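Undergrad: Take a look at the following structure, please.
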Amino acid sequence: SSQQALEQARAVAEELEDLKAMAKGLEEENSELRRQARQLVRGPASLLPQNQQLLAECHGLREQIQVLAAEMADLEVRGGSCAAWPRPSASL
């Protein structure tokens, strides 16, 4: 019976080592997830300047489209040969 007890103790010791390794892996995974969460929280703030720049560019492009559309309409009124050109979308 002492042999069985020794074998059970070894099995329990191995299981304990496996559980320790699993716990260490979970701690490392938890640390990585926390790091990623911190980055996600900071992420939107770092995108704000880029968003503002893109909005300004978009506004400038819309103004250019309006100017070009007005020029095209003026050419059509004066009898230019722009009738075959596609018209800019009014949703721009």
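The values are calculated or read from the model by the stated rules, or taken from the named source; none is laboratory data. Model, not experiment: these values are computed from the prediction. Neighbour counts are summed over all protein chains in view; Cβ atoms, including those assigned to glycine, are modelled from backbone coordinates with ideal geometry. We work out accessible area using only protein heavy atoms, side chains counted, and drop any ligands, DNA or RNA first. Shrake-Rupley method; radii C 1.70, N 1.55, O 1.52, S 1.80 Å.
Undergrad: Regarding segment 52-63, can at least one residue be identified that is open to solvent by less than 90 Å² (accessible area, probe 1.4 Å) and touching a helix residue (DSSP H, G or I) at 6+ places or on another chain (Cβ under 9 Å)?
TA: no
Undergrad: On to the next question. Any idea which of (1) among the hydroxyl-bearing types (Ser, Thr, Tyr); (2) assigned to a helix (DSSP H, G or I); (3) at pLDDT below 90 is the one Ser91 doesn't satisfy?
TA: The number of the failed condition is (2).
Results for (1) at positive phi; (2) at pLDDT 80 or above; (3) within 25 Å of the chain's Cα centre (by Cα), shown as yes or no for each residue.
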residue: Lys20; (1), (2), (3): no, yes, no
residue: Leu47; (1), (2), (3): no, no, yes
residue: Asp74; (1), (2), (3): no, yes, no
residue: Ala83; (1), (2), (3): no, no, no
